[in-house]
Amino acid sequence: MAAGGVPKRLPITLSHLRYLKLYYICFGEVDEASFVLCLIRSSPNLEKITIESFFCETAAMDRVLELLEVQDWSDVSLNKLRKVEILKVSGTKPEMEFIKLLLAKSSVLERMLIEMNTKMVTDKGLGILKELITFRRASPQADVTFRNPNEDKV
C-alpha cells in the first residue's frame, strides 16, 4: 500500500472486522500512521483495537500530526469501539494525538489501557499522564488506565 500511497479509506468497507491488532507501529512514519488510520476509517464495526507502538523519531512528524487532526475526522464516528490497548507508548506527539483522536471519536468507549515503554520513557510518565487526563472524551464512562509494566512486577 505504501508504495502507491495510502488512501484515506479502502475501496471496500471492512464491515466484519471487529478486532484490530497491530504490532511495531511507528506513529512517526507517515506511511505507517496513514495505514493505521485507513484501516480504522474503513472498519465501522471495530469493537477493540490493540496496537503495540514502536518508538521512532522522523523528520516527517509534522505530516503525521496533520493526518491525526480531529477536524479531519468529522466524517468518522467510532461508535462501536469499546476497548483500546496501546502498548509501549513513548509519549511522542503523534502517539498522543492518536490517543486524543480515539478518545474524541469513540462514543461508547469503556476502557483504554495505555502501557508505557519503560525503555524509552524514564521521567516523562507523569507528564504523559497529566496530558492524557486533559483530552476530551466522547464517552463519559471511558476508563483510561495508565500502566507502567515495571511497577506491576513483584
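The values are calculated or read from the model by the stated rules, or taken from the named source; none is laboratory data. What you are looking at is a predicted structure, and each value in this text was computed from that prediction instead of being measured. A quick note on method: Cβ atoms are made from the backbone with ideal geometry, for glycine too, and the neighbour counts reach across all protein chains shown. Each accessible area value is taken on the protein alone, full model and side chains, heavy atoms only, with ligands, DNA and RNA left out. Shrake-Rupley method; radii C 1.70, N 1.55, O 1.52, S 1.80 Å.
Values as computed for the structure displayed
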| read-out | value |
| --- | --- |
| Condition broken by Ser34, with the remaining ones in (1) at pLDDT 90 or above; (2) out of contact with any Ser or Thr (no Cβ under 9 Å at 6 or more places or on another chain) satisfied | (1) |
| Selection count where residues are among the hydroxyl-bearing types (Ser, Thr, Tyr) and touching a strand residue (DSSP E or B) at 6+ places or on another chain (Cβ under 8 Å), scope the stretch 38-59 | 3 |
| Residue within the stretch 115-134 that is hydroxyl-bearing (Ser, Thr, Tyr), at pLDDT 85 or above and either outside any strand (DSSP E or B) or over 19 Å from the mean Cα position of the chain (by Cα) (or both) present | no |
| Only listed residue being under 12 Å from the mean Cα position of the chain (by Cα), under 28 Å from Thr118 (Cβ atoms), at pLDDT below 95 and hydroxyl-bearing (Ser, Thr, Tyr), chosen from Ser53, Ser90 | Ser53 |
| The stretch 106-119 residues that are farther than 22 Å from Asn150 by Cβ and of a type in the set (A, V, I, L, M), paired with ones that are open to solvent by less than 30 Å² (accessible area, probe 1.4 Å) and at pLDDT 95 or above (beta carbon under 9 Å, 6 or more apart) | Val108/Leu81; Leu109/Leu81; Leu109/Val84 |
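Here is a yes/no grid of residues against (1) in contact (Cβ under 8 Å) with a residue 40 or more places away in the chain; (2) touching a helix residue (DSSP H, G or I) at 6+ places or on another chain (Cβ under 6 Å); (3) open to solvent by 30 Å² or more (accessible area, probe 1.4 Å):
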{"site": "Leu14", "(1), (2), (3)": "no, no, yes"}
{"site": "Leu17", "(1), (2), (3)": "no, no, yes"}
{"site": "Tyr23", "(1), (2), (3)": "no, no, yes"}
{"site": "Ser43", "(1), (2), (3)": "no, no, no"}
{"site": "Glu52", "(1), (2), (3)": "no, no, no"}
{"site": "Glu57", "(1), (2), (3)": "no, no, yes"}
{"site": "Ile86", "(1), (2), (3)": "no, no, no"}
{"site": "Leu103", "(1), (2), (3)": "yes, no, no"}
